[in-house]
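Values in this text are rule-based calculations from the coordinates and carry no lab data. Values in this document were obtained by computation on a predicted structure and should not be read as measured data. Methodologically, a virtual Cβ is constructed for each residue, glycine included, from the backbone with ideal geometry; neighbour enumeration extends over all protein chains shown.
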Amino acid sequence: MTALDRLAARLEAVGDVRRDEAMSRHTTFGVGGPADIYVTVRSADALAQAARLATEADAGPFVLGSGSNIVVADGGIRGVVIDNRARNEEHEEHRVRIESGASFAGFARKMCRAGVAGLAWAVGIPGTLGGAVVYNAGAYGGCLADVLTRVRLLDAAEGDAWWTASDLNLTYRGSAFTRGTLAGRTVLEAELELGAGDADALIAEAGGYDRRRLTAQPRGRNAGSMFTNPPESPAWKLIDSVGLRGERRGDAAISDQHTNFFVNLGQARASDVLWLVEEAERRVLGTHGIQLRREVGFVGAW
């Protein structure tokens, strides 16, 4: 029995375990090779236990939310991928504690229907609450930092503790996680401070955002906006200006509808997606002197 076999056996106590699971089945882009171990957990406590076991075995972990905002390498992910489906909620007035595997968009819609204000802008954002914390998800002038009060983080060696939102250094599409100062910590839960609102008005507001997204953004398999917007110009405009609208490599393409979206037209390979991303970075830097910054994470064995 190998070390990975022993680890997989231990993880069976906290979740459903699969070996050599194709990550293309679990990402919105639909690309990515196999994970050595893929374990699905359904509570924050199980998530913490799985993360500890993987860390102790020097096998990751990589915590997967809904599989959006990432491109997984054709070589897959070594070690343990934790499919986080921890979704429990606790409400006290308009203060909510919610586990990190909850759908951010789904929770936002639920709050609108309940007449709870503060998240209507988030109804179209893919991903989980944990991912929203890491990237300070935002849209249409709102962002998670506006309503986040604190998060419960796990350090596999030191245990879990609550951190205030100010400790996370949340910025535009970034945080202490994306900058590496909280590397290795896992988001278990988050606490949000929302407000009173009118359900009909919030549902109408959310519907307006839905219509704007449907008009502007491509359908099909993609990972969301590939780059953050530089101060000088929207990323799509820069990419369009260097002649990359509709550019293809294999079944990977830059959308001809919105050039900050890279899409899978069928059987795209992660390596082809990366080629297009690097080509956009190279041309924009060479033409405009602007270094594009990726919003989408490239993970795994590249």
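Structure notes:
- A straight line joining the Cα centroids of the stretch 59-89 and the stretch 1-23 runs 14 Å.
- Amide H contacts under 5 Å for R221: N264, restricted to partners 5 or more places along the chain or on a different chain, H placed in the peptide plane at 1.01 Å from N.
- ³J(HN,Hα), Karplus 6.51/-1.76/1.60, whole Hz, each residue of the stretch 55-70, x for Gly, Pro: 5, 4, 8, 6, 10, x, x, 10, 8, 9, x, 8, x, 8, 6, 9
- For the chain, the dipole from Cβ point charges (+1 on Lys and Arg, -1 on Asp and Glu) about the Cα centre works out to 740 debye, to the nearest 20.
- Ascending count of other beta-carbon atoms within 10 Å, so fewest first, for Y209, Y38: Y209, Y38
- D (Stokes-Einstein, µm²/s), Kirkwood Cα radius, the chain, 0.890 mPa s at 25 °C: 123 µm²/s
- Positive-end residue, the stretch 219-299 charge dipole about Cα centroid, Cβ charges, pick of A280, G246, P234: G246
- Net length gained if the chain between E90 and E56 were fully extended (0.36 nm per residue, minus Cα distance): 9.2 nm
- Rough spin-label spacing in nm, given labels placed 7 Å along Cα→Cβ, for Q217 and W163: 2.6 nm
- Residue exposure proxy: I290, I239, ordered by other Cβ atoms within 10 angstrom of their Cβ from fewest to most, comes out as I290, I239.
- Beta bridges by DSSP in the chain, antiparallel share as percent, to the nearest 5: 80 percent
- Put simply, the stretch 1-75 fits an ellipsoid with semi-axes of 21, 15, 10 Å; these come from the alpha carbon gyration tensor as the roots of five times its eigenvalues, largest first.
- Long-range tail of P(r) for the stretch 219-299 (Cα pairs > 22 Å, %): 14 percent
- The stretch 124-215: relative contact order in percent, alpha carbon pairs under 8 Å with at least 6 residues between: 32 percent
- Footprinting exposure proxy for S225, S103 (fewest neighbouring C-beta atoms within 10 Å first): S103, S225
- The stretch 158-183 and the stretch 106-125: distance between their alpha carbon centers, rounded to Å: 24 Å
- Dimensions of the stretch 89-200 based on its C-alpha atoms, expressed as ranges along the principal axes with the largest first, amount to 46, 27, 21 Å.
- Solution diffusion estimate, µm²/s, Stokes-Einstein, the stretch 167-302, Kirkwood Rh from C-alpha pairs, 10 °C, viscosity 1.306 mPa s: 92 µm²/s
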